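Here is the structure we will look at.
The values are calculated or read from the model by the stated rules, or taken from the named source; none is laboratory data. This is a predicted model, so every value here is computed, not measured. Here the Cβ positions follow ideal geometry from the backbone for every residue, glycine too, while neighbour counts run over all protein chains shown. What goes into the accessible areas is simple: the full protein's heavy atoms, side chains included, and nothing from ligands, DNA or RNA. Shrake-Rupley method; radii C 1.70, N 1.55, O 1.52, S 1.80 Å.
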Amino acid sequence: MNTVQLIPAALLVLLTSSAASAFETVVKVISVTPGREIVNEPYQSCASDSAAGAPADQGCRQADHYDVRVMYTVVYEYQGQRFSAKLPYDPGNELQVNVSVTPK
């Protein structure tokens, strides 16, 4: 076997040995607990003083904008193990999840 044939074979072994496997499934929801979170979404606030000949970015500052959101702590079960996640919605009795398996 020459070097040109070895490179694709080695690349194939490398890709298949480190490839992850992923799929979607539906899991049973154990509990849903609503809660409130305070979220800061900062924004840039600029004074418009362009008539005075000042640069456009002069007088800009970062301003905080706080928002209260309802989040749901969801406990669910997959293959006998319990997991939890915070979601922006109540999923009900079932939850669709992505499952990914990666070799060590």
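Every condition in (1) open to solvent by less than 60 Å² (accessible area, probe 1.4 Å); (2) at pLDDT below 90 is met by MET71 except one, and the failing one is (2). Scan region 54-65 and give yes if some residue there is closer than 30 Å to LYS104 by Cα, aliphatic (A, V, I, L, M) and either at pLDDT 95 or above or part of a loop (DSSP other than H, G, I, E, B) (or both), otherwise no. Checking region 54-65: not a single residue is closer than 30 Å to LYS104 by Cα, aliphatic (A, V, I, L, M) and either at pLDDT 95 or above or part of a loop (DSSP other than H, G, I, E, B) (or both).
Within region 80-104, residues that are closer than 10 Å to VAL27 by Cβ reach no partner that is hydroxyl-bearing (Ser, Thr, Tyr) and open to solvent by 80 Å² or more (accessible area, probe 1.4 Å) with beta carbons closer than 6 Å at six or more positions or on different chains.
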